[in-house]
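Read through the structure below, which is laid out as structure tokens, and then see the notes.
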Amino acid sequence: MGFTLAIVGRPNVGKSTLFNRLLEQRKAIVDDVSGVTRDRQYGISDWNGKSFNVIDTGGFVHGSEDVFEKEIAKQVLIAVEEADAIVFMVDAGTGITHLDEEMANVLRKSIKPVFLTVNKVDNNDRMLDATEFYSMGFEQVYFIASASGSGTGELLDAVADLIPEEKKDEEGTDELPKFAIIGQPNVGKSSLLNALVGQERTIVSDIAGTTRDTIHTHYNLFQKEFILIDTAGIRRKARVHEDLEFYSVIRAIKAVDEADVCLLLIDAEKGMTAQDLNIFSLAAKKGKGILLLVNKWDLVAKETNTARDYEIELKKRLAPFSDVPVLFISVVEKTRIFKAMETALEVFENRKRRVPTSKLNDVMLKAVQAHHAPVVRGHAIKIKFVTQLPTAVPSFAFFCNFPDDIKTPYRNYLENQLRKNFELSGVPVRLFFRKK
């Protein structure tokens, strides 16, 4: 999952439309006006059984023509340096422009794979016009229409060929747990790392964006040993118009890929924001263990049951994956920060948990008997056998007569039964239904 694909190109060539198609959701705003995408968009795409990160590099705030070209060149350089492969998008409707040429000059110097992708090729005339892009000298040229999806399959096949097969889970017992401290800028990620190790390992300041890189720290105190990864804050708004902002996002996403458990820090006073939910769902989609740490709890005015009510509200927002440990901490006062590490180790163990097949069937078949799946088209759905799959994320296969007819409410019921009977707190659970 560490493979990153960056989509670059001048404004208004359809980068965000392709990005939405790869993610199979309408995440990036799409408009005919150039420069709509100003934030860095990121997500996960799957193709041919392989997953990879996708980054939509977006446009820039308008400046003079020269500033504009300079900014585009900078962004391409960053994408080239940090991503594993580049989709260079151009527009068949307008042909080759001087901005395309500027980008091409930068990309030709790269040793990274570059896929020249000619967008808006949606009829034969456009296909004929699009052949002029061969003159740009790129080996791999793809003609697509990202609005309709035409041609995107061939492009994705080529990208998937670059991604190595994921190794089957061979988790060595000597491998140390890796915990990534993630969250928005300025929630106290670096302060938490420093408080845990008892030294100024990272620079801490009130200025958001102080941490630019991912920092690995080997923790070996109080009979506990693991790797802590402090990441740069993942923000949604590009409030700070700096090149380093883009580096930070890519590296933070790669740190999540590398980690076993993500410690998501949120600010107690601000609460769970839309961007915190975005980071949470990113970690969950990647199958990482998650622990929610509500920092700066010392600054919150408290009454009876304040923490309980706060946790209930948090979990409502996290639904349906709400089986996540929540700890209220204060990094400044060192309140519950070591308890946070103990809980992170428990989540790590939960993620590695293997349930014996006999015990799994004993428990889950009783749950099925207690609450049968709804009848679909006159067919009674019968689940005959359950087994855990040998994957890094706890995954369970249910063998039944009509696997395609299991609806989401019943799937949620089965997941809740698994969580109730086996310790899986803080871990995404994957359910598969197969034909018996």
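Return the residue satisfying two criteria in turn: it lies in the stretch 212-251 and is open to solvent by less than 20 Å² (accessible area, probe 1.4 Å) and modelled with pLDDT of 70 or more, and of such residues it is farthest from the chain's Cα centre (by Cα). It would help to see each step written out before you state the result.
Taking the stretch 212-251 first, the residues open to solvent by less than 20 Å² (accessible area, probe 1.4 Å) are 217, 219, 226, 228-234, 238, 245-246, 248-250.
Next, only the ones that are modelled with pLDDT of 70 or more stay: 217, 219, 226, 228-231.
Details: THR217: 22, TYR219: 25, PHE226: 22, LEU228: 19, ILE229: 16, ASP230: 17, THR231: 14 Å.
So the residue we want is TYR219.
Note on the stretch 146-161: residues that are of a type outside the set (A, V, I, L, M, F, W, C) and either open to solvent by less than 60 Å² (accessible area, probe 1.4 Å) or part of a strand (DSSP E or B) (or both) amount to 6. Entry remark, the stretch 413-436: residues being part of a loop (DSSP other than H, G, I, E, B) and open to solvent by 30 Å² or more (accessible area, probe 1.4 Å) number 3 in total. Number of residues in the stretch 330-354 that are out of contact with any Gly (no Cβ under 7 Å at 6 or more places or on another chain), at pLDDT below 90 and among the β-branched types (Val, Ile, Thr): the value is 3. Has the stretch 113-128 got any residue that is modelled with pLDDT under 90, β-branched (Val, Ile, Thr), farther than 17 Å from ALA6 by Cα and in contact with a helix residue (DSSP H, G or I) (Cβ under 7 Å, 6 or more places away or on another chain)? Yes: the stretch 113-128 contains one or more residues that are modelled with pLDDT under 90, β-branched (Val, Ile, Thr), farther than 17 Å from ALA6 by Cα and in contact with a helix residue (DSSP H, G or I) (Cβ under 7 Å, 6 or more places away or on another chain). Where residues in the stretch 118-145 are part of a strand (DSSP E or B) and in contact with a Leu (Cβ under 6 Å, 6 or more places away or on another chain), which of them is most open to solvent (accessible area, probe 1.4 Å)? Here the answer is TYR142. Figure legend. Inter-residue proximity from the stretch 402-416: first residues among the β-branched types (Val, Ile, Thr), second residues open to solvent by less than 60 Å² (accessible area, probe 1.4 Å) and outside any helix (DSSP H, G or I), beta-carbon distance below 6 Å, spacing 6+ or different chains. Indicated pairs: ILE406/PHE433. Every listed requirement among (1) at pLDDT 80 or above; (2) part of a strand (DSSP E or B) is met by LEU99 save one, (2). Taken over the stretch 41-54, the criterion of being among the hydrophobic types (A, V, I, L, M, F, W, C) and either open to solvent by 10 Å² or more (accessible area, probe 1.4 Å) or modelled with pLDDT under 80 (or both) is satisfied by ILE44, TRP47.
Of note, ALA373 satisfies the criterion of being more than 23 Å from LEU192 (Cα to Cα), among the small types (Gly, Ala, Ser) and not in a helix (DSSP H, G or I). Residues that are among the β-branched types (Val, Ile, Thr) and within 27 Å of the chain's Cα centre (by Cα) were ranked within the stretch 94-117; the one that is most open to solvent (accessible area, probe 1.4 Å) is ILE111.
Which members of the stretch 259-283 meet the condition of being among the small types (Gly, Ala, Ser), open to solvent by less than 20 Å² (accessible area, probe 1.4 Å) and over 15 Å from PRO185 (Cα atoms)? Steps first, please.
First, pick out the residues of the stretch 259-283 that are among the small types (Gly, Ala, Ser): 259, 268, 271, 274, 281, 283.
Imposing the further condition that a residue be open to solvent by less than 20 Å² (accessible area, probe 1.4 Å) reduces the set to 259, 268, 271, 283.
Matches in the stretch 259-283: ALA259, ALA283.
Every test in (1) under 18 Å from CYS262 (Cα atoms); (2) open to solvent by 10 Å² or more (accessible area, probe 1.4 Å); (3) in a helix (DSSP H, G or I) is passed by ARG308 save one, and that test is (1).
I need the full set of residues from the stretch 391-412 which are open to solvent by 30 Å² or more (accessible area, probe 1.4 Å) and under 17 Å from ASN361 (Cβ atoms), in order please. The answer is PHE399, ASN401. The residue list PHE321, PHE348 contains one member that is open to solvent by less than 60 Å² (accessible area, probe 1.4 Å) and in a loop (DSSP other than H, G, I, E, B), which is PHE321.
The values are calculated or read from the model by the stated rules, or taken from the named source; none is laboratory data. Predicted model only: the values in this text are computed from it and were never measured. Here the Cβ is made from the backbone with ideal geometry for all residues, glycine too, and neighbour counts use every protein chain on show. Accessible surface areas use protein heavy atoms only, side chains included; no ligands, DNA or RNA. Shrake-Rupley method; radii C 1.70, N 1.55, O 1.52, S 1.80 Å.
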